[in-house]
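Read the structure below first, then the notes.
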Amino acid sequence: MSVPGPPTSDGVLASPPDDLGSGEQMPGLSDTSPDEGLIEDLTAEDKAVEQLAEGLLSHYLPDLQRSKQALQELTQNQVVLLDTLEQEISKFKECHSMLDINALFTEAKHYHTKLVNIRKEMLMLHEKTSKLKERALKLQQKRQKEELEREQQREKEFEREKQLTAKPAKRT
């Protein structure tokens with residue numbers, strides 16, 4: 001069975017079907033009026049188009065609806081996955097920040113140990129300087145005492161020399 005060519009813009013077929021000879025008439029067309037067969041053909045074509053559209057829809061619509069539902073499920077699953085991924089990222093960031101906090105605590109402990117050592121060293125140096133000051137004070141007092149004793153010894157020797165020097169007799 002051959003199909004007639006596509007209708008032109010005014011609804012008339014552009015060429016007769018291949019199986020009709022040059023002397024045969026096309027079904028639906030009569031010799032009396034060209035417009036009369038056109039109305040019958042249009043209603044037949046409308047019915048055929050409608051039946052073809054319904055057949056096409058009934059054939060593809062279930063698959064398209066299943067595809068639509070599958071796409072909706074995929075979209076919902078993607079949303080769930082994105083939410084889960086965001087939660088995992090936030091957990092990872094939290095863990096990373098915990099590592100940073102742990103590093104800070106470790107560093108703080110290290111510097112605290114250094115501070116304690118410096119404090120011990122400062123206390124030891126303070127004790128040493130206190131002992132050195134005390135020793136220096138004792139040495140200074142000892143030197144002053146020795147200096148005083150030497151001065152007193154000189155004065156005694158000077159007095160003794162004075163007494164030992166001959167005194168001129170007094171003339172009366």
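All of the numbers you see were taken from the coordinates with simple rules; none came from a lab. Predicted model, so just to flag it, every value in this text is computed and none were measured. Don't worry about glycine lacking a Cβ; one is built from the backbone with ideal geometry, like all the others, and counts go over all protein chains shown.
Using θ = phi - 60° in the Karplus curve 6.51 cos²θ - 1.76 cosθ + 1.60, the 3J(HN,Hα) couplings for segment 74-85 round to 4, 4, 5, 5, 4, 4, 4, 4, 4, 4, 4, 4 Hz; x is entered for Gly and Pro.
The residue 119 and residue 92 beta-carbon pair, evaluated with R₀ = 41 Å, returns a calculated FRET efficiency of approximately 0.55. Overall, the anisotropy analysis places segment 92-147 in the prolate class: the square-rooted eigenvalues a ≥ b ≥ c of its C-alpha gyration tensor yield a/c not less than 1.5, with a/b exceeding b/c. Ratio to report: Rg/Rh of segment 45-133, with Cα atoms as the point set and Rh obtained by the Kirkwood method; give two decimals. That ratio is 1.82, to two decimals.
Each label point was placed 7 Å from the Cα along the Cα-to-Cβ direction; for residue 64 and residue 159 their separation is 14.0 nm.
One chain, two ends: residue 147 and residue 130. Fully extended at 0.36 nm per residue, the span grows by 3.6 nm beyond their Cα-Cα distance. Here the Karplus curve 6.51 cos²θ - 1.76 cosθ + 1.60, taken at θ = phi - 60°, turns the phi angles of segment 58-71 into couplings of 5, 6, 9, 4, x, 4, 5, 5, 4, 5, 4, 5, 4, 5 Hz, with x standing for Gly and Pro.
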